[in-house]
Amino acid sequence: MKILISNDDGYQAPGIVALYEALQDVAEVEVVAPEHNNSAKSNALTLHSPLYVHRAANGFRYVNGTPADCVHIALTGLLGYRPDLVVSGINNGANMGDDTIYSGTVGAAMEGYLFGIPAIAFSQTEKGWKHLDAAAAQARELVQQMLVRNMVGTQPWLLNVNIPCLPLAELKPAKVCRLGRRHAAEPVITQTSPRGETMYWIGAAGPVLDESEGTDFHATAQGHVSVTPLKVDLADHEKLGYWAQSIAQLSAKAAA
Ligand code: MN
């Protein structure tokens, strides 16, 4: 069993080191991760500048690119073999609800999924690496159980896992959840640069809108590990009929 590990916090982040160490005796593991913090880079690929891969003293390979770049390069030439599982994280902070769309941690896992490989994105619900040992042990347990139960086969799937910042003994069993929702983000923050220009800083994520029972927000607040299966098809299947009618009407009016 071979596992490719990446993340979005960069190859030196404590979260990826802990994940690597936790999975070391579960499978053959290799790390290909961004050189610098690439949080909120989603699925971005670098198309207009060259990418370089270097190897750190601990054997981790790092890339001057995005999380998706790392997994993409690894799968399309760098590794020279096809891993059985792609694992991303452990992220410094939650990736729940609408944040999942922006997450580089999820983006790295999704890149593996798009290549037909099962993939898991792991995040800790609070920043700061408190109880990281518990999160790593939890990630290890989940991966090991999946290997034992032959869930890592030829069929690709994509899981988004958020682990509460609690000691291992206080973590409650994994719960399968839908994604919660957030309100729109807080306003952009402006400052004046030393040269008199206006600088814009992306504001904080919006407050939680839907944290009802069944969501990832709800489960993790109760101390459960949340597991959300993700898909990539963005088409709004429920609204296909509505739009087919509406667009047909528009075309009919335009023709009249
Ligand atoms: Mn991150």
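The values are calculated or read from the model by the stated rules, or taken from the named source; none is laboratory data. This is a predicted model, so every value here is computed, not measured. When we count neighbours, we look across all protein chains shown, and the Cβ atoms used for this are built from the backbone with ideal geometry, even at glycine. Note: accessible area is taken over every heavy atom of the protein model, side chains too, but ligands, DNA and RNA are not part of it. Shrake-Rupley method; radii C 1.70, N 1.55, O 1.52, S 1.80 Å.
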Please calculate how many Å² of accessible area the chain carries per residue, with a 1.4 Å probe and no DNA, RNA or ligand atoms counted. 53 Å²
Would you look at the GNM of the chain, springs on alpha carbons closer than 10 Å, and say which of 228, 125, 198 moves the most? 198
If contacts are Cα pairs under 8 angstrom and at least 6 residues apart, what is the relative contact order of the chain in percent? 17 percent
Are there DSSP H segments in the chain that both extend 20 Å or more along their axis (alpha-carbon positions) and score a mean Kyte-Doolittle hydropathy of at least -1.0? List them, or say none. 132-148, 240-255
The chain: Rg/Rh from Cα coordinates, Kirkwood Rh? 1.03
Mean ellipticity per residue at 222 nm, deg cm²/dmol - from DSSP H runs of n ≥ 4 across the chain, formula -39500 (n - 2.57): -8000 deg cm²/dmol
Loop-only check: which chymotrypsin sites (Phe, Trp or Tyr not before Pro) in region 23-85 are DSSP coil with at most 13 other Cβ within 10 angstrom? 52, 81
Exactly which trypsin sites (Lys or Arg not before Pro) in region 54-131 are in a DSSP loop and have at most 14 other Cβ atoms within 10 Å? 127, 130
Percent accessible area from carbon and sulfur atoms, region 40-141, protein chains only, probe 1.4 Å: 53 percent
Could you give the nm distance between label points at residue 193 and residue 52, where each point is 7 Å from its Cα heading toward the beta carbon? 2.5 nm
Per its Cα gyration tensor (rounded if a/c is under 1.5, else prolate when a/b beats b/c, else oblate), region 1-69 is best filed as prolate
Checked region 78-172 with the C-alpha gyration tensor, a ≥ b ≥ c its square-rooted eigenvalues, rounded below a/c of 1.5, otherwise prolate if a/b is larger than b/c and oblate if not; verdict oblate
Placing unit charges on C-beta atoms (Lys and Arg positive, Asp and Glu negative, everything else neutral), compute the dipole magnitude of the chain about its Cα centre in debye, rounded to 20. 320 debye
Cα lying deepest toward the dipole's positive end in the chain, options 121, 132, 101, charges on Cβ: 101
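What number does region 109-256 give for Rg over Rh if you use C-alpha atoms and the Kirkwood radius?
Ratio value, two decimals: 1.13.
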Mean Cβ count within 10 Å, highest first, over the residues of peptides 4-10, 205-211, 108-114, 162-168: 4-10, 108-114, 162-168, 205-211
Got a number for carbon plus sulfur as a percent of region 187-238's accessible area, 1.4 Å probe? 56 percent
